[in-house]
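Worksheet: one structure, shown below.
The values are calculated or read from the model by the stated rules, or taken from the named source; none is laboratory data. Just so it is clear, the structure is predicted and the values come from calculations on it, not from any experiment. Cβ sites come from the backbone with ideal geometry, for glycine too, and all protein chains shown count toward neighbours. Ligands, DNA and RNA are excluded from the accessible area calculation, which covers all protein heavy atoms including side chains. Shrake-Rupley method; radii C 1.70, N 1.55, O 1.52, S 1.80 Å.
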Amino acid sequence: MPLSPPSPPQAQAPARPDAEPRSQSPSRPAAGVEGHDVSSHQRDVDWRSAETKGARFVYVKATESTAYRNPYFARQYDGAGAAGLLRGAYHFALPDTSSGNAQAAYFVRNGGAWRADGRTLPPALDIEYDPYARRRACYGLSPAAMVRWIKDFSDEVERETGRTPVYATTHWWNTRTGSSRAFAARHALWPARYDAAAPGVLPAGWSTWTFWQHDTTGSVPGDQDLFHGSPAGLDRLARG
């Protein structure tokens, strides 16, 4: 049954409950390009200020399941672009409410489309422990069924946009997909680990990460992220 339209703000992904715990000795993250991610929780963002403070990219929550759209998405996404930030959209998955195909199509129609303009980052999928029923961490799906759901989402996003989505996952992946290696070769990874010098052990199949959420608060609104590479590398990712 589709998720009823929520009372904003909805789940603030990807501030993820599956992120590795904070280390005892916080340290500065590894070198890379600084950015952040926002949702309806951040509402109206001062993008010029974020850019001045060092942000070069942002991911904006667009949708959740097939019944929720971030009411601030358009002005957050367009405002970031006007300030000169690379921007991308992400979808918060609820695999127990509808199929991967349906959620991907809803996402693309409501902000997840990719443009070959050199300013648009590939779409992202945030899939993690169920924030509404924590005892159903895998949404009632077996690992094999979860892998099929993710594949259906990915295939539909690629069919509609030409880009494979970035995955925002941490150790949830190994337990809830049976350590599937089906996606690592063609999909970028976006893990979460806070107050640490590196993202730590990566999910099965991945040998490197592309984005890393290293804190839930910082100098810019929302969650603090890092791109694993140079500004030129980030531009290449946007260009496809």
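I want the antiparallel fraction of DSSP beta bridges within the chain, as a percent rounded to 5. Intermediate values should be presented prior to the final figure.
Numbers: 11 of 32 bridges.
Rounded to the nearest five, the antiparallel share is 35 percent.
Per residue of segment 43-48, what does 6.51 cos²θ - 1.76 cosθ + 1.60 with θ = phi - 60° give for ³J(HN,Hα)? Whole Hz please, x for Gly and Pro, Karplus curve as stated.
So the J values, rounded to whole Hz, are 6, 8, 9, 7, 5, 4.
Only Lys, Arg, Asp and Glu count, each charged at its Cβ (+1, +1, -1, -1), so figure out the dipole size of segment 70-219 about its Cα centre, rounded to 20 debye. Don't jump to the answer; show the numbers that get you there.
Values: 16 positive and 13 negative charges, 29 e Å.
In total the dipole reaches around 140 debye.
Under the classification rounded if a/c is under 1.5, otherwise prolate if a/b is larger than b/c and oblate if not, where does segment 119-232 fall, given a ≥ b ≥ c as square roots of the Cα gyration tensor eigenvalues? Don't jump to the answer; show the numbers that get you there.
Values: a/c = 1.61, a/b = 1.22, b/c = 1.33.
Taking the square roots of the gyration eigenvalues as a ≥ b ≥ c, segment 119-232 is oblate.
Select from G100, Q42, F227 the residue farthest towards the positive end of the dipole of the chain; place +1 on Cβ of Lys and Arg, -1 on Cβ of Asp and Glu, and compute about the Cα centre.
Of the listed residues, the answer is G100.
On full extension of the chain, what length is gained from D195 through R135, given 0.36 nm per residue of separation minus the C-alpha to C-alpha distance? Write out the running numbers ahead of the final one.
Values: separation 60, 0.36 × 60 = 21.60 nm, distance 2.71 nm.
Stretched out fully, the D195 to R135 stretch lengthens by 18.9 nm.
Which of rounded, prolate or oblate describes the chain when judged by the alpha-carbon gyration tensor and an a/c cut-off of 1.5? It would help to have the intermediate numbers written out before the result.
Values: a/c = 1.36, a/b = 1.16, b/c = 1.17.
In terms of gyration-tensor shape, rounded.
Please compute the length gained on full extension between R115 and R75, using 0.36 nm multiplied by the number of residues separating them and subtracting their Cα-Cα distance.
Details: separation 40, 0.36 × 40 = 14.40 nm, distance 1.73 nm.
Once the chain is fully extended between R115 and R75, it gains 12.7 nm.
With runs of 4+ DSSP H residues as the only contributors, calculate the mean residue ellipticity of the chain at 222 nm using -39,500 (n - 2.57) per run, divided by the residue total and rounded to the nearest 500. Let's see the in-between values first.
Numbers: 6 runs with 57 residues, N = 240.
Estimated from H runs of four or more residues: -7000 deg cm²/dmol.
What does the accessible area per residue of segment 40-105 come to in Å², with a 1.4 Å probe and no ligands, DNA or RNA counted? Can you show the working numbers first?
Details: 2300 Å² over 66 residues.
Ligands and nucleic acids excluded, the figure is 35 Å² per residue.
By its C-alpha gyration tensor, with a ≥ b ≥ c as the square roots of the eigenvalues, how is segment 107-147 shaped: rounded for a/c under 1.5, else prolate for a/b larger than b/c, else oblate?
Numbers: a/c = 3.49, a/b = 2.61, b/c = 1.34.
Here segment 107-147 falls in the prolate category.
If I model a spin label at S230 and S207 as a point 7 Å from the Cα along the Cα→Cβ vector, what separation in nanometres do I get?
Rounded to a tenth, the inter-label distance reads 2.2 nm.
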